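So the structure is just underneath, and the comments pick up after that.
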Amino acid sequence: MAILADSQIEASVTIQPFERSIKRPGAVSYGVSSYGYDVRVGPKFKIFTNVNSEVVDPKHFSPRSFVDVDGSRDGYVLIPPNSFALCETVEYFEIPRDILAICVGKSTYARCGIIVNVTPLEPEWKGRVTIEISNTTPLPAKIYANEGIAQIIFLRGEKVCTISYADKQGKYQDQPGLTLPKVD
């Protein structure tokens, strides 16, 4: 496996919209980086709540476990203490058959106790990335819509994979955006 550098990313992976790495004073950074791409969080959030006393069950997940919040009005959302939210990236991805992408949180948020969790983007997966943001602090956490939230690192395999996510007809293939858990 080899990590893709900035010039290889745009040539190898479809990212729409694609942003260059430039200074954006007052904003959490996003766009292409030395060996990855910093994605932005969109304005739509599903914030976890226990108002309805639902059980968290990945096989029978209840959408009543979340409250929908639109961060476009204020430019941010607040995640309650010791809670989490689901959101989607602004960017749409098409991962080639010879590339695996791994997502890690940005240090700006990590230093505030905000953890980002995303599973790998497998070869030939495409769609908007659903991101889980955990607030590990005892205080409300402000997450800025349309600004950087995580970095995607692209790894090119020495050989093309035998079976891609598209070949497996993965359940999250072509997800248009924020997608709740499901078991086929």
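Where a number appears in this text, it was derived from the coordinates with a stated rule and is not lab data. These figures come from a predicted structure and were not determined experimentally. With ideal geometry, Cβ positions are generated from the backbone for all residues, glycine too; neighbour counts draw on all protein chains shown.
For a quick check of your reading of the model, give me the residue pairs whose first member lies in the stretch 3-15 and is without any contact (Cβ under 8 Å) to a residue 60 or more places away in the chain, whose second is among the hydrophobic types (A, V, I, L, M, F, W, C), with beta-carbon atoms closer than 7 Å and at least 6 apart or on different chains.
The qualifying pairs are D6/V32; E10/F18; E10/V32.
Does K171 count as under 18 Å from the mean Cα position of the chain (by Cα), surrounded by fewer than 20 Cβ atoms within 10 Å (Cβ to Cβ) and more than 26 Å from P25 (Cβ to Cβ)?
When the stated conditions are applied, K171 passes them.
What's the number of the only condition in (1) closer than 23 Å to F48 by Cα; (2) surrounded by fewer than 21 Cβ atoms within 10 Å (Cβ to Cβ); (3) not polar (S, T, N, Q) that R156 fails to meet?
Failing condition for R156: (1).
Which of (1) within 24 Å of K126 (Cα to Cα); (2) touching a helix residue (DSSP H, G or I) at 6+ places or on another chain (Cβ under 9 Å); (3) assigned to a loop (DSSP other than H, G, I, E, B); (4) hydrophobic (A, V, I, L, M, F, W, C) does F61 not meet, given it meets every other one?
Every condition holds for F61 apart from (2).
Out of (1) surrounded by fewer than 21 Cβ atoms within 10 Å (Cβ to Cβ); (2) more than 29 Å from G26 (Cβ to Cβ); (3) of a type in the set (F, W, Y), what's the single condition that is false for F93?
For F93, the failing item is (2).
With within 25 Å of V32 (Cα to Cα) and either touching a Lys or Arg at 6+ places or on another chain (Cβ under 9 Å) or without any contact (Cβ under 8 Å) to a residue 12 or more places away in the chain (or both) as the only criterion, which of G127, G177 stands out?
Criteria check complete, one pass: G177.
Looking at (1) surrounded by fewer than 18 Cβ atoms within 10 Å (Cβ to Cβ); (2) under 15 Å from the mean Cα position of the chain (by Cα), which is the only condition P80 fails?
Looking at each condition in turn, P80 falls short on (2).
Matching residues to (1) over 18 Å from E147 (Cβ atoms); (2) of a type outside the set (D, E, K, R); (3) more than 14 Å from the chain's Cα centre (by Cα):
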residue: A85; (1), (2), (3): no, yes, no
residue: Y92; (1), (2), (3): no, yes, no
residue: L100; (1), (2), (3): yes, yes, yes
residue: T108; (1), (2), (3): no, yes, yes
residue: R111; (1), (2), (3): no, no, yes
residue: I114; (1), (2), (3): no, yes, no
residue: T119; (1), (2), (3): yes, yes, no
residue: G127; (1), (2), (3): yes, yes, no
residue: I131; (1), (2), (3): no, yes, no
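Please go through the stretch 127-184 and give me each residue that is in a strand (DSSP E or B) and aromatic (F, W, Y), ordered by number.
Residues satisfying the conditions are Y144, F154.
State whether one or more residues within the stretch 41-54 are touching a residue at least 24 places away in the same chain (Cβ under 8 Å), farther than 20 Å from N117 by Cα, out of contact with any Lys or Arg (no Cβ under 6 Å at 6 or more places or on another chain) and not β-branched (V, I, T).
Within the stretch 41-54, none of the residues are touching a residue at least 24 places away in the same chain (Cβ under 8 Å), farther than 20 Å from N117 by Cα, out of contact with any Lys or Arg (no Cβ under 6 Å at 6 or more places or on another chain) and not β-branched (V, I, T).
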